[in-house]
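The values are calculated or read from the model by the stated rules, or taken from the named source; none is laboratory data. Keep in mind that what you see is a predicted model, and the values were worked out from it rather than measured. Backbone-built Cβ (ideal geometry, glycine too); neighbour counts: all protein chains shown. Calculation scope for accessible area: heavy atoms of the full protein, side chains included, ligands and nucleic acids excluded. Shrake-Rupley method; radii C 1.70, N 1.55, O 1.52, S 1.80 Å.
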Amino acid sequence: MAEGLVDGTVPPLPPRYRFRDLVLGDHYAEGEDRVRVEFYINERSFKERLQLYFIKNQRSSLRIRVFNFFLMAVSCTLYCVRVILDDHRHIACHGCTPKNFSNTTENWWGLLWVNRPVWLWALQVSIAIIMLFQTVLMLYLQHKGNICQQLMSITRILEFLNTIPFIITLFWPPLRNLFIPVFLNCWLAHAILKNMLNDLNRALQKIQTAFSQQVIILCSMLLCLIFTSICGVEHLERAAPGVDGKMNFFQASYFVIVTFSTVGYGDIQVNVWPSQLFVAIMIIAALVVIPIQLEQLAFYLLERQKQGASYSKHRAASEKHVVVCATCIQADLIMDFLNEFYAHPHLQDYFVVLLSPVELDNTMRLLLQIPIWSQRVIYVQGSALRDQDLQRVRMDDAEACFILSPRNVMDRHEADQQTILRTWAVKDFSPNLPIFVQILKPENMFHVKFADHVVCEDEFKYALLANNCLTPGTSTFVTLLIHTLRGHEGSDSDSQWMRMYGRSSGNEVYHITLGDSKFFGEFENKSFIYASFHAHKKYGVALVGVKKDEEDSEIQLNPGPKHIMQASDTCYYFNITKEENSAFIFADSDPEKEREHKRKDSKSSLHNEPSSSSKIHSIIASVGTLAIEYYHHGATRQHGAPTESRSDLLSRQSQSQETQEGNHNAVDTQEQGSMAIELQERRANDPAREALVTGKPSTSSGRNLLIPPAGEEERVPGRRRPSILPVLEIMSSDPEDEETGITFTAEKVETEVDGDIEDIKVWDAKNESDWMKGYPPVAPYIGYTPMFSHLLANPRKLCCLELDQPCSHSNHHCARDYNWPNNSIIVAVESTAPGLYNFIVPLRAHWRPKHTLKPIVIMVEKRPDTVFLESIAAFPLVYYMIGSIESLDDLLRAGILQADTVVVVDRESSKLAEEDYMADACQVVAVQTMFKLFPSSTIITELTHPSNMRFMQFRAKDYYALKLAQKQKREKERGANLSYMFRLPFAAGNVFTASMLDTLLYQSFVKDYMIIFTRLLLGLDQAHGSGYLCEMKITTDDLWIRTYGRLYQKLCSTTFEIPVGIYRTQMQSDSKSELSVTIDDDDQSSTCLSEERAALAELVRSKMKKLGLPESDYDAEATEKRSALSYVLINPGFDTKLELDDVIFIIRPAGGPNASSPMPPRRKYSTRRPKTEGEKREEPQGSMDTRL
């Protein structure tokens, strides 16, 4: 071969690889021995084919069993016909002469011979031949082992007993009248029925539970027992002497039923000893067989109660239902779902099917027996991973499927894995079914992105806690929004704050198309800001967002004044009820009078003459309906108040301070014939209003209703008289207007910046390029959507992230060494998780001014992994330290004395508590210790169970807290969805539980936009042109605004911001007021508290001295006495008075990633830590540039 290749010649191919074989293949090769192999040849024999048809094939064997059952039933029916047609006087063999018997002796021949007509005999013989043929054939097909064992079975004996005698009569005619116990075929029918039920389950996929099958078998056995007794007694009584002593079939049936029921009337008796013996045997058999069957039936009944029922196919076709899948059915979890789900009126007719692999506990079993739930809630024990169980709950016919995660689990990753598998199984079984998924860890969200609605607990939890640090009460604000409340809570309370708080808690998020709305329909082709202000002024609704009717359009929160409302826009607003449930009622229903009122109002507005408005009466519907009161508001102007046109206003602005007006003009400016919803009547003789008109100070004692008196602007150089501009219908494109607006904003910026020039200097840095805005370079987990944030151009070294460990770039040992200009935020966690990233991002959002950023200190018990540290290294002023809130040294090193807020996150390891509600014990005691040591600290705590919030800042003799506890009990008895809403820690936003977010997923079934809306509100998502939630604080310089409605107008007319709520803190005025929550006023208790306070102060000072911290930082005079309470007001009324230190929730319009905020922020810094003159602030190398 090698020589041929060297010579350049190619050797010939072997015969097998000739050209023809290469082209045509080996099939045409000649001289080849090939073997054909046939498979499953054993199934082609005659016996195997018969076995396949009669036994192996499920459908054919089922048909054969149905046919055999029919034959057994027909044979028993023919026997009954023979008994009814039988003549007792003609007893003899076929063709023989009947014998005469006396009436006193037993006729034993009557037991052997019967009177059988020829046609009846022919039918019975035909059936017998068919039965015998099938019996022999089945013996042949099922023959395995000993043939005698098969022949001696009870079934075979009965078959031979009722078939062979009929075959013999074909060859010996005298035996045609021979008695044959054909009625015993009922037991053959009973055996066939049991096999047939099994075949039905296999062949036709009929879901027959063990309980229902056992019931059928028991009924069949009872029927066979009674039928056998009836036929046996009737036949044995044929031997009774005389014709009158014999029983017919009806009398035998009556006798057996009366005997088996243990009634025993005695009117019919058996006369011969064989029948008496037979009845005794049958009674004994019944006493043995029936209890066994009843025991099995009871066992299956108990098992069925444990496993739950199946949702009926007929009910699924006519009724609507949703399926709730959960690992374990917890009472709190399910009751939250049911209360929120059935809070919506159009969901009252829905059924809820609970699918869980675990058995119901006693508490849940009792809850489901309550009439309100027993008729609408069905429990099914099964797994979402089994198609049979999904078929039992009729998943294909369901309206939606909710897949919930367990709350109290130690391994949250394992819980998410189970949730993911359930979601995949449901999607595979029913691809078009809407799926609502609750997941715990954000890194697992991308597995279930295909679901229609997904709520990640950790993602929302950390975002809420972060917003709580800057905007107090955000957690309460959002929780009340996503819960369905009536607004009647607290209406019977003596406390004014409870009534206001309970009334505003009924506000929810609703949506409506602008063209179909009475609230917003009149604002078509007007700016969004104009529509929001006037809708709130007229109807009391807060328009906060809009969505265009365009493809791929998104919800926009406060898109700003440049958005022009169109008829196809979808409006999102806050209100106590949706517009469809609101009634618009005129007190004067006469159309002529209404038109006359409009003409008068029009003339009064044109000629600047006052008119009296018509009296309107508010009608509030009893169930879910809000009556909107219409007022002809054109008559509410002050008498003699001048009317100012838009051109006059712009001229007044351009002339700076030459012409000045009071604030009442701008507030009371209204269009012709406009109507407003009023929560309270306006007082015409209000001293504050008179002060606005006259420009003189009011003699009223109200401290926040005054405005600067007339002429004050001349006494204070450089100060302008406050005024409120009207809200324009559309953004003007006139250069003069734009110039005016710029001049106003520039003056306002200059005024505010001048007062804070010292605070800004501490942020100056050497290299401005170290600061940037952009997207984080490292994603914390798969599926995370990057958010535009404040970043460092050069991420810090990982060693520089540890707060209390010096490195080559820094020599700091505690938080105080950093000399931060702003107080910090401490978040205490057990271990770092990717979800913690969502706590940092809202605090470093791009729209937050740089000088307002607060340092973040993550106190973690376990050392973070490198991946997490790399993801946070690009954020400015973010540190971590190893420590625990249970250690005083760790708290001091973390800078609790320089911290504005301490956030305590729930511990996952606490879920191992033996008692379920003890899971919060560690957090509660640790927070109580922190409160004792540092009373002035603001602590936000996450708990596992909402009921444990009553232990936050616990005082044994806090009488006001005890009063609120009684209030909670009453609200719970009334069936309130949030019975704990009046607890002071919750109302103030100082406590949070992840269970508060569960209703967000439930509401998405009715409001499919709720998850997206909440994500935008919390800053978890950024939509193009959408605004963001922030805050502003009412100071003494703002009290001239007086009311919430005037503030609404000022924000809309200047910075285009929309207020949506108030976080109010009411201080204790005197010891006898309702806000007084002192522990004890006696001298003994005060002395004890003073001694305890002194001992704690000495402990803290000793620790500070040991750590090298100045003792002057610790405020030893702080008291534990609660001197104030805080609460949230959502969408308050137009005339709600503003108070000092009110924090206003506002939605600021977006300026784009590269645009600055439209309103300069208030530069107010905490002064809890005294500043030292000449103190320099040092930053480690590689840290952020803190220049403004």
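If the condition is being over 16 Å from Met787 (Cβ atoms), of a type in the set (A, V, I, L, M) and within 15 Å of the chain's Cα centre (by Cα), then the stretch 1002-1033 contributes Val1006, Met1010, Ile1011.
Go through the stretch 118-141 residue by residue and tally those that are open to solvent by less than 70 Å² (accessible area, probe 1.4 Å), more than 60 Å from the chain's Cα centre (by Cα) and at pLDDT below 85.
Here is the first cut: in the stretch 118-141, the residues open to solvent by less than 70 Å² (accessible area, probe 1.4 Å) are 120-122, 124-128, 130-132, 134-135, 137-139, 141.
Imposing the further condition that a residue be more than 60 Å from the chain's Cα centre (by Cα) reduces the set to 120-122, 124-128, 130-132, 134-135, 137, 139.
With at pLDDT below 85 added as a condition, the list becomes 139.
Here the count works out to 1.
In the stretch 85-103, the count of residues that are in a helix (DSSP H, G or I), modelled with pLDDT of 70 or more and closer than 30 Å to Trp273 by Cβ is one or more.
Can you tell me which of Gln296, Gln214 is in contact with a helix residue (DSSP H, G or I) (Cβ under 7 Å, 6 or more places away or on another chain), touching a residue at least 40 places away in the same chain (Cβ under 8 Å) and open to solvent by 70 Å² or more (accessible area, probe 1.4 Å)?
Working: Gln214 fails: open to solvent by 70 Å² or more (accessible area, probe 1.4 Å).
Sole residue among the options that is in contact with a helix residue (DSSP H, G or I) (Cβ under 7 Å, 6 or more places away or on another chain), touching a residue at least 40 places away in the same chain (Cβ under 8 Å) and open to solvent by 70 Å² or more (accessible area, probe 1.4 Å): Gln296.
Filtered by the rule that a residue be touching a helix residue (DSSP H, G or I) at 6+ places or on another chain (Cβ under 7 Å), under 14 Å from Asn990 (Cα atoms) and open to solvent by 50 Å² or more (accessible area, probe 1.4 Å), the stretch 924-954 gives Arg950, Phe951, Gln953, Phe954. Inspection of the stretch 56-69 finds a residue satisfying the criterion of being open to solvent by less than 100 Å² (accessible area, probe 1.4 Å), modelled with pLDDT of 65 or more and hydroxyl-bearing (Ser, Thr, Tyr). The one condition from (1) in a loop (DSSP other than H, G, I, E, B); (2) modelled with pLDDT under 75; (3) aliphatic (A, V, I, L, M) that Met981 does not meet is (2).
Take the stretch 502-556 and flag every residue that is among the polar types (S, T, N, Q), more than 18 Å from Glu580 (Cα to Cα) and surrounded by fewer than 21 Cβ atoms within 10 Å (Cβ to Cβ).
Initial filter on the stretch 502-556 (among the polar types (S, T, N, Q)): 504-505, 507, 513, 517, 525, 527, 532, 553, 556.
Restricting the remaining residues to those that are more than 18 Å from Glu580 (Cα to Cα) gives 504-505, 525, 527, 532, 553, 556.
Answer for the stretch 502-556, where residues must be among the polar types (S, T, N, Q), more than 18 Å from Glu580 (Cα to Cα) and surrounded by fewer than 21 Cβ atoms within 10 Å (Cβ to Cβ): Asn525, Ser553.
Per the conditions (1) closer than 20 Å to Gly883 by Cα; (2) of a type in the set (Lys, Arg); (3) not in a helix (DSSP H, G or I), the sole criterion not satisfied by Arg848 is (1).
Restricting attention to the stretch 811-832, does a residue exist that is over 24 Å from Gly1108 (Cβ atoms), out of contact with any Lys or Arg (no Cβ under 7 Å at 6 or more places or on another chain) and not polar (S, T, N, Q)? Checked against the condition, which is being over 24 Å from Gly1108 (Cβ atoms), out of contact with any Lys or Arg (no Cβ under 7 Å at 6 or more places or on another chain) and not polar (S, T, N, Q), the stretch 811-832 yields at least one hit. When Phe402, Phe446 are checked against the criterion of being under 28 Å from Ser871 (Cβ atoms), touching a residue at least 40 places away in the same chain (Cβ under 8 Å) and either of a type outside the set (Asp, Glu) or not in a strand (DSSP E or B) (or both), a single residue qualifies: Phe446. In the set Ile157, Ile230, Ile207, Ile180, only one residue is open to solvent by 30 Å² or more (accessible area, probe 1.4 Å) and at pLDDT 80 or above; that residue is Ile157.
Identify all residues within the stretch 468-489 that are among the small types (Gly, Ala, Ser) and surrounded by fewer than 23 Cβ atoms within 10 Å (Cβ to Cβ); write none if there are none.
Just the residues of the stretch 468-489 that are among the small types (Gly, Ala, Ser), to begin with: 473, 475, 487.
Result: Gly487, single match.
Can you tell which of His851, His846 is at pLDDT below 90, closer than 23 Å to Cys800 by Cβ and touching a Phe, Trp or Tyr at 6+ places or on another chain (Cβ under 6 Å)? Going through His851, His846 in turn, just one is at pLDDT below 90, closer than 23 Å to Cys800 by Cβ and touching a Phe, Trp or Tyr at 6+ places or on another chain (Cβ under 6 Å): His851. Beta carbons closer than 8 Å, at least 6 apart along the sequence or on distinct chains, pair a first residue in the stretch 1035-1046 that is touching a residue at least 12 places away in the same chain (Cβ under 8 Å) with a second that is buried (at least 19 other Cβ atoms within 10 Å of the Cβ) and of a type in the set (Lys, Arg) for Ile1041/Lys1050; Gly1045/Lys537.
The listed residues are Tyr917, Tyr879, and the only one of them that is aromatic (Phe, Trp, Tyr) and surrounded by 15 or more Cβ atoms within 10 Å (Cβ to Cβ) turns out to be Tyr879. Given the criteria of a type in the set (Phe, Trp, Tyr) and touching a Ser or Thr at 6+ places or on another chain (Cβ under 9 Å), does Phe519 qualify? Answer is yes for this residue.
Considering only the stretch 788-808, how many residues are out of contact with any strand residue (DSSP E or B) (no Cβ under 7 Å at 6 or more places or on another chain) and open to solvent by less than 20 Å² (accessible area, probe 1.4 Å)? Residues in the stretch 788-808 being out of contact with any strand residue (DSSP E or B) (no Cβ under 7 Å at 6 or more places or on another chain) and open to solvent by less than 20 Å² (accessible area, probe 1.4 Å): 2 in total.
Kindly establish whether Asp458 is acidic (Asp, Glu) and open to solvent by 10 Å² or more (accessible area, probe 1.4 Å). I'd like the intermediate steps shown before the answer.
Values: acidic (Asp, Glu): yes; open to solvent by 10 Å² or more (accessible area, probe 1.4 Å): no.
Taking the combined requirement at face value, the residue does not satisfy it.
Looking at Val454, Val478, Val409, Val426, can you tell me which residue is touching a residue at least 40 places away in the same chain (Cβ under 8 Å), part of a helix (DSSP H, G or I) and more than 30 Å from Lys854 (Cα to Cα)?
Details: Val454 fails: part of a helix (DSSP H, G or I); Val478 fails: more than 30 Å from Lys854 (Cα to Cα); Val409 fails: part of a helix (DSSP H, G or I).
Result of the check over Val454, Val478, Val409, Val426: Val426.
Restricting the search to strands (runs of 3 or more DSSP E) fully inside the stretch 513-593 and requiring at least 1 residues that are modelled with pLDDT of 90 or more gives 542-547, 570-575.
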